[in-house]
Every structure is written in structure tokens, then in C-alpha cells.
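In what follows, a single structure is set out as C-alpha cells and then discussed.
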Amino acid sequence: MDTNIILDTGNTAWMIVATLLVLLMTIPGIALFYGGLVRQKNVLSIIMQCMLIVCAVTIIWIAFGYSFVFGTDLMESGNCWGFLIGGFDKVLLNGITTGSLSAGNIPELIFVLFQCMFAIITPALILGAFAERIKFSGFLLFTVLWSILVYIPMAHWVWGGGFLQQMGAIDFAGGTVVHINAGISALVMAIMAGKRSDYKIGHPMTPHNITFVFLGTAFLWLGWFGFNAGSGLNADGIAANAFLVTHLATCVAALTWMAVDWIHNKKPTTVGACTGAVSGLVAITPAAGTVDIIGAFFIGLITPLICFYMVAVIKPRFKYDDTLDAFGVHGIGGIVGSILTGVFATQFISGEGGVKGALYGDWHQLWIQIIATVISIVFSAVMTYILFKITDRLVGIRVDKRVEEEGLDIYEHGESAYSH
């Protein structure tokens, strides 16, 4: 560490808060959002899956995940494994002391934990695709394998100095790494796991607690400010812009989905407005560090229209059971946001000499975004297919029909969410 570099207390204080905010996105955010959408007999299974992810992924991340993403010895030595992972030099946080500083002049230990929260929420998003029909043991094995073999390489490629980052792909806070990665995996899992036994095409199951859905959305919205505004690692103007455009895009998306819902289904539903808000949060994520309010408005306007179409039209047409629309909202929202970043990025935000999108004359950036998006889709789909097969062979994926009918809570966990 350069002894002339002094810890920035303002950045450090902000990043501690941002890290806490991102944790709120999984517990209680995703737990309440997904938990409210499932039926009463399965809400505890969602909560338990979220808890497991937080605990298991944290251990993986601190043990070797951080080193594999942000380590440098394999890359610097030219080892062929450096294509997939950064290195072994920071395994078990080797060499990282309380005095070690990272970008933004914050303690590297805070950066480790901040990035850990991203590693946590990504597999948590997937569970919405196969909710109400997956063994807890199968979920545990798949999550561990997926975190190691899918999330870690993708995070290294985009954020840890890998080839997508070197290519110039813009992903400020996780459009490819988090949302496309999780969303495509969600689609593959939903198709391979098969439909719920009582699922009727075009007739969604009634959520058991829409108040939980709203509360989950509120926690996600709040936490997303740490997710996006924290990703610059500085308490500065870029963070302020990310904060602003995240909120604006979310508001536009929520109103847009509500309006379409009102026209299409004759009622402006709470679930629809909440889903729209999440689609806006997803889509603005890769763009938050490079777009202004114009870009945020149009990303918030375009994304829910496409996501609504995927959920209301494409899903029934192709008859896959994406239980809680993890693919329709996170996968599609991530794809749209990643590509639109290449349209709306502006040097008004990125600064002189910074990135700019097709709208401002740089079509090359748009093509880079498209290439990065396609690579993310293919890698995630292929790896998820392989990991599903491995997990199913070793411990099984799908619960028995009787367990599914009676509910995962009582059979898998021996508990009921509510007393009668």
C-alpha cells in the first residue's frame, strides 16, 4: 500500500452504509417480495432459501470468492486460468489488513463485504423461477455450485479486470453480472424443473400476502440506492447522479407498468406497480454511472413495456412456469438495461473523454454492450444447464408430488408460517 494514500473517512462512512443497504435487498427485501408472492404453504421455504444464501455465499466469498474475482496473481503471471479467475493471492483474505485500502481510499475489508452483498443477492434472484417445487437440499447444492462456477467467473470478467472489462463493457452495478446472469439461469431452471403440478397456463397463482410484496419492494427500492450509488466507491457527484437516476427510472417504470396493467387488466394492481418498480431498478443498474435524467426516463419507460409483454404474452405462449417472473423481470430487464446503456450513456455524466452511447454518436459502445450481453446469456444458460443435471443426479431437484401439494414449509422445514 502506498503510504502517501490516506483513508477517506467520508467515502468509508458512505460505503459502510451502502453495504448495509445492499444486504437489506436480500434479507428482508427478496424474502418478503418473493415470500408474499407465493402461496401461504411455501412462504417459509422462500425465507429459508434467502437465509441460506446469505450464510453460504458469505463463507464462499471470504474463503476464496473475493480472491478469484479481484485477485491478480494468475492474471499477471499469464496463467491460462487467469481467463476465468483473478488469482489465489487473496484466499482467506490473505494480505488484507485493517490498513489496506481499495479504490476510493476505503478499507479493502469494506470493499470485500460490499462485493459480498452482490454475490449474495444474485443467486437469491434465481429462486423466484422455481419456487414452490424445489428440494431444499437440491437448492443448497445448486446455489453453492452456481455461485462458484457461474457468478465468480462472470464477476471477474466484468469487474475484476477480465476480458469484458478490458473490452470496454459498461456495467456500473450489475446488469450482466447480477441480473442477466441470474435471469437467464432462472429461465433455464424453470424450464428444466418443469411446471408446478397445479399450474394453469395464463392463470397466475394468487399471492398469499400482497402487503409482504409491497414491503419487499420498499426494501429493494431502499437497498438499491446502496447497490447503485455505492458502486462508484466514492461519496461524490457520480454517486449522487446514480442515486437520482435510480429513483427516477424506478418511478417512471412503476407508473408505466401500472398504466399498462390498468389498460390490459382493467385494474391498477399493487403487484403490478411493485413489479414495474423492480423492472426499473433492474434496468437502470448497469447505466446508473453513465446516464443522465433523459436516459433514466426512457429506460424507465421502455423496460416495463418489454417486461410486461414477456410476462403477460410470451410466458403463456411458450408455457414455461417462471413462478415469480425472475426471468421476465430480472433477465429481460437486465438485457434491456445493458443494451440501452449503450444508447443513453453520456459524457455529461461520464466526463470529458468518458464513455458515450449511440444517441451521442458512439455506436461502437452499443455493439460492445450487445456483445457483452450475448456472452452473459450464453455462459449463464450453458453453465446452469450443466449444474442442474449434476445437482439432479446427486441429490435431486424436484420435490415429490405430495410434498408439493401439501406445501414445502411443513414437509421441508417442519413449520407453518401462521397459526390458526
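The values are calculated or read from the model by the stated rules, or taken from the named source; none is laboratory data. Keep in mind the model is a prediction, meaning the values are calculated, not measured. Here the Cβ is made from the backbone with ideal geometry for all residues, glycine too, and neighbour counts use every protein chain on show. Just the protein is used for accessible areas: all its heavy atoms, side chains included, with ligands, DNA and RNA removed. Shrake-Rupley method; radii C 1.70, N 1.55, O 1.52, S 1.80 Å.
Separation between the residue 84 and residue 163 pseudo-spin-labels, each 7 Å from Cα along Cα→Cβ, expressed in nm?
Between residue 84 and residue 163, the label points sit 1.4 nm apart.
Taking H placed 1.01 Å from N in the peptide plane, check which residues at least 5 places from residue 102 or on another chain put their amide H under 5 Å from its amide H.
Amide H neighbours of residue 102: 108.
Just subtract the alpha-carbon distance of residue 222 and residue 91 from 0.36 nm times their residue separation and send over the number in nm, one decimal.
Gain on stretching residue 222 to residue 91: 43.9 nm.
Tell me which of 81, 344, 182 sits at the most positive position along the dipole axis of the chain, charges placed on C-beta atoms (Lys, Arg +1; Asp, Glu -1).
Of the options given, the answer is 182.
Rounded to the nearest 10 Å², what accessible area does residue 222 show when all protein chains are kept and the probe is 1.4 Å?
80
Along the charge dipole of segment 1-141, pointing to its positive end and built from +1/-1 on Cβ of Lys, Arg, Asp and Glu, which listed residue (42, 126, 67) has its Cα farthest out?
Farthest towards the positive pole: 42.
Go ahead and run the numbers for FRET between residue 259 and residue 294, Cβ-Cβ distance against an R0 of 22 Å, rounding to 0.05.
Step by step, r from the Cβ atoms, then E = 0.60.
Let me know the charge dipole size of the chain about its Cα centre in debye, to the nearest 20, where only the beta-carbon of Lys, Arg (+1) and Asp, Glu (-1) is charged.
Dipole size: approximately 1340 debye.
Could you sort out which of 195/267; 135/319; 200/401 sit more than 25 Å apart by Cα distance in this structure?
195/267
Residue 270 to residue 347: extension gain in nm, 0.36 nm per residue of separation minus the Cα-Cα distance?
24.0 nm
Give, as ranges by residue number, the residues of segment 128-163 whose backbone N falls under 16 Å from the point 7 Å along Cα→Cβ of residue 100.
160
Can you return the lysines within cross-link range of residue 90? Criterion is Cα-Cα under 18 Å, with same-chain partners fewer than 8 residues away left out.
Straight-line reach from residue 90, under 18 Å: no lysines qualify.
Summing -39500 (n - 2.57) over the DSSP H runs of n ≥ 4 in the chain and dividing by its residue number, what mean residue ellipticity at 222 nm do you reach, to the nearest 500 deg cm²/dmol?
-18500 deg cm²/dmol
Given a 1.4 angstrom probe, I'd like the percentage of the accessible area of segment 322-420 that is carbon and sulfur, rounded to a whole number.
In segment 322-420, the share of accessible area belonging to carbon and sulfur is 59 percent.
By its C-alpha gyration tensor, with a ≥ b ≥ c as the square roots of the eigenvalues, how is segment 143-300 shaped: rounded for a/c under 1.5, else prolate for a/b larger than b/c, else oblate?
oblate
Specify the longest stretch of the chain that does not include any exposed loop site, a site being one of the GluC sites (Glu not before Pro) with a non-H, G, I, E, B DSSP assignment and at most 15 other Cβ atoms within 10 Å.
Values: sites that count: 352, 415.
The longest uninterrupted stretch comes out as 1-351.
Roughly what would the spin-label model give for residue 137 and residue 73, points 7 Å off Cα along C-beta, in nm?
Label-label distance for residue 137 and residue 73, simple model: 3.7 nm.
Calculate the FRET efficiency for residue 7 and residue 410 from the Cβ-Cβ distance with a Förster distance of 35 Å, rounded to the nearest 0.05.
Result of the calculation: an efficiency of 0.10.
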